[in-house]
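Everything below concerns the one structure shown next.
The values are calculated or read from the model by the stated rules, or taken from the named source; none is laboratory data. Just so it is clear, the model here is predicted, and its values are computed rather than measured. With ideal geometry, Cβ positions are generated from the backbone for all residues, glycine too; neighbour counts draw on all protein chains shown.
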Amino acid sequence: MSGRKYRAVLFDLLTGLIDSWSLWDSVAGDPDDGRRWRAAYLKNTYAEGRYRPYETLVREAAIEVGLSPDLGDPLAARYAELSPWPEVPEILGKLQGTFRLGVVTNCSEALGPIAAARTGIAFDTIVTAERAGFYKPHPRPYRLALDELGLTPPGCLFVAGSAYDLFGAAAVGLPVFWHDRVGMQMPLDAPPPLARHDSLYPLAPLLLDRG
C-alpha cells in the first residue's frame, strides 16, 4: 500500500490526539472512577445517533456509574487543561504541509475547538458532532469532513482513537489507522483497521515513506 495515495488525514480528537482520560480521572478524583465514567460516556455516545448536548451525555454517564452529574461542569470548565499525547506535535508537524489535516469529534461546538487548539495544529477542518447533527459512528460527521476537504474516502486516512470509530469510518469507506492508546478490546464484528498501534509514531512512516 502506498501512503502517498492519501491527500488528507482525519483524526478522532479526544482519544486519538488528546489524553482526555487524564482530565476525566482528575475531575472524578480517582483514576478508576474516571475510567469508568469515560468508558460509560463513550459507550452511550456511540449508541446515541442524533446529537443531544454533549454536556448532557457527560452528566448521564456520571449518574450511570454512581458519580455526581455535577462533575460535568468542572470537566467542561477545565477543557483548556487537556494535553495532547506527547508525540502529537512532532508527528502532525511532519504531516502538515504534505497532507490536509482535519478532526472529526464527538464534542460540542464550544469545546471541540478548545481541545483541538491544545494540539498546536491549525486544522483544515474541525467537524463536531453538534455541527454535523449526529454523533459518530453515524456517517454524517465523517462525510461532512470529507465534503469540507473536497475529497472522497479513498483519498483520506482516518486515525481512530476508539474501537467505535472502526465501524463508522469503515461504513463510509475510510481506511483506518487505529491509535489504540489505552488498550481497548476490539469488537469481534469490527472491520479490521489497516494498522493498530499504541502510539502515533508509526503513522508518519506509513504515510511518508511509501511514496
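Okay, here's what the table says:
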{"quantity": "Sole exception among (1) under 21 Å from ALA145 (Cα atoms); (2) surrounded by fewer than 17 Cβ atoms within 10 Å (Cβ to Cβ); (3) touching a residue at least 24 places away in the same chain (Cβ under 8 Å) for GLY97, by number", "calculated": "(3)"}
{"quantity": "Residue match in region 11-23 (condition: farther than 23 Å from PRO193 by Cα and in contact with a Leu (Cβ under 7 Å, 6 or more places away or on another chain))", "calculated": "yes"}
{"quantity": "Condition met for ASP147 (within 16 Å of the chain's Cα centre (by Cα) and among the charged types (D, E, K, R))", "calculated": "no"}
{"quantity": "Subset of region 158-183 (residues that are more than 17 Å from GLU87 (Cβ to Cβ) and either of a type in the set (Lys, Arg) or under 14 Å from the mean Cα position of the chain (by Cα) (or both))", "calculated": "PHE158, SER162, ALA163, TYR164, ASP165, LEU166, PHE167, GLY168, ALA169, VAL176"}
{"quantity": "Search result, residues across region 66-94 that are without any contact (Cβ under 8 Å) to a residue 60 or more places away in the chain and among the acidic types (Asp, Glu)", "calculated": "ASP70, ASP73, GLU81, GLU90"}
{"quantity": "Residue list for region 78-102, restricted to those being part of a helix (DSSP H, G or I) and closer than 21 Å to TYR6 by Cα", "calculated": "VAL88, PRO89, GLU90, ILE91, LEU92, GLY93, LYS94, LEU95"}
{"quantity": "Unique match (being at pLDDT 95 or above, under 19 Å from LEU42 (Cβ atoms), outside any helix (DSSP H, G or I) and not assigned by TED's automatic domain parsing to the domain that holds THR15) among LEU67, LEU75", "calculated": "LEU67"}
{"quantity": "Unmet criterion (only one of (1) charged (D, E, K, R); (2) at pLDDT 95 or above; (3) closer than 18 Å to THR15 by Cα; (4) in contact with a Gly (Cβ under 6 Å, 6 or more places away or on another chain)) for ASP124", "calculated": "(3)"}
{"quantity": "Evaluation of PRO53 against (1) surrounded by 15 or more Cβ atoms within 10 Å (Cβ to Cβ); (2) over 24 Å from ARG196 (Cβ atoms); (3) not hydrophobic (A, V, I, L, M, F, W, C) (one fails), failing number", "calculated": "(1)"}
{"quantity": "First in region 32-43 and in the same structural domain as TYR54 (by TED's automatic domain parsing) and aliphatic (A, V, I, L, M), second anywhere and modelled with pLDDT of 95 or more and not in a helix (DSSP H, G or I), Cβ under 6 Å, 6 or more apart", "calculated": "ALA40/VAL65"}
{"quantity": "Residue list for region 31-78, filter: of a type in the set (S, T, N, Q) and under 22 Å from VAL182 (Cβ atoms)", "calculated": "ASN44, THR45"}
{"quantity": "Residue list for region 89-123, filter: more than 27 Å from PRO53 (Cβ to Cβ) and of a type in the set (D, E, K, R)", "calculated": "GLU90, LYS94, ARG100"}
